[in-house]
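Enquirer: The following block contains the structure, expressed as structure tokens.
No lab work stands behind these numbers, since they all come straight from the coordinates. Bear in mind that the values here come from a model prediction, so they are computed numbers and not experimental data. Backbone-built Cβ (ideal geometry, glycine too); neighbour counts: all protein chains shown.
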Amino acid sequence: MAAEWIEKLTGSFEDKKRYRNYRARVEALPTAYGDSVKALERYLTYAGAISAGDTLVQMLDDLAVLFEEAAANSTPLRDVTGENPAEFAEDFLANYSDGQWINKERMRLNSAIAKAAGEAGSS
Amino acid sequence: MGKQATEMLKGVLEGIVLAILGRQSAYGYEITAWLRDQGFTDIAEGTVYALLVRVEQRGLVDVEKVPSEKGPPRKVYTLNSQGRAHLDEFWGQWGLLVDRVESLHRPGATSAGATSAGATSAGASSAGTNATEDTAQEGTHHGR
């Protein structure tokens, strides 16, 4: 019970725990892979503007798994990210668009146009 | 593989991956390795991974985690019935796209010829009428 209102103030404890776990896993990666994850995290956080904590943590978790697998298989870094890492980052980010702050505005825009077009169920 | 080929491949990559999984279950890196063997050398493993995350989110594949000696447990992807339905739809769309694009490629094909080919496959009689009008207009353009 108490945890519920505290979490409203602090954010989810579970998300925080998963985030700390993610940080530790990134630190454990070979330097080249760890540095890449950190650079991607920076880009994904800026470009993604993901406001939903659980979506953000899920995204970082998925990212870490990709590089952990790559490190375990000794997959060259370039084979993972391709020639244009920013393009890969965008492809990757698209999976988590539901959690983006801008998503509310996307839905608002679509329903505003539906209303203007007089479509049913758009009141 | 050039830039154009990579861009083209992007749109159909999901269908290709589902088709591979339709033949047999596979790990992510097995799919990337297969694509590279087939000459799709520019495909980043990360891109395939992002795609697998997406098809998993959309419930097109079943995922089984298998412990591995080194690294995190490996995910084995298997096409499920929803994925199979999605793949059937992909092949249908692919067939239509190939027909339409090829009709533009045929030697001596004009835009009017392509329109009537499209109308035939759609089986719409009204579209057929439009195609005739297009042909007439085309004739006028050539006359100028």
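Enquirer: Given Cβ point charges of +1 (Lys, Arg) and -1 (Asp, Glu) and nothing else, what value in debye, to the nearest 20, does the dipole of the stretch B:3-105 about its Cα centre take? Before the final figure, lay out each step's value.
Expert: Details: 12 positive and 14 negative charges, 49 e Å.
That gives a dipole near 240 debye.
Enquirer: With charges set only on the Cβ (+1 for Lys and Arg, -1 for Asp and Glu), what does the dipole of chain A come to about its Cα centre, in debye to the nearest 20?
Expert: Working: 14 positive and 20 negative charges, 99 e Å.
With Lys and Arg at +1 and Asp and Glu at -1, about 480 debye.
Enquirer: Let me confirm one metric for peptide B:51-61, namely the mean number of other chain beta-carbon atoms within 10 Å of its residues' beta-carbons.
Expert: Details: counts 4, 3, 11, 4, 0, 2, 4, 1, 0, 0, 0.
Per-residue shielding by partner chains comes out at 3.
Enquirer: Something else now. To make sure I understand the rule: partners must be lysines, Cα under 23 Å from the Cα of B:Lys70, and not fewer than 8 residues away in the same chain. Which ones qualify?
Expert: Of all the lysines, those that pass the test against B:Lys70 - Cα under 23 Å, at least 8 places apart if same chain - are A:Lys38.
Enquirer: Another question, if that's okay. Give me the distance in nm between label points sitting 7 Å out from Cα along the Cα-to-Cβ direction at B:Arg23 and A:Met107, one decimal.
Expert: That separation, rounded to one decimal, is 4.1 nm.
Enquirer: Continuing with the same structure: Please name which of A:Phe67, A:Ala120, A:Leu93 has its Cα lying farthest along the dipole of chain A towards the positive end, using unit charges on Cβ (Lys, Arg +1; Asp, Glu -1) and the Cα centre as origin.
Expert: A:Ala120
Enquirer: What are the aspartates and glutamates whose alpha-carbon lies under 17 Å from the alpha-carbon of B:Lys65, with same-chain residues fewer than 8 places away excluded?
Expert: The qualifying aspartates and glutamates are A:Asp61, A:Asp62, A:Glu68, A:Glu69, B:Glu30, B:Glu56.
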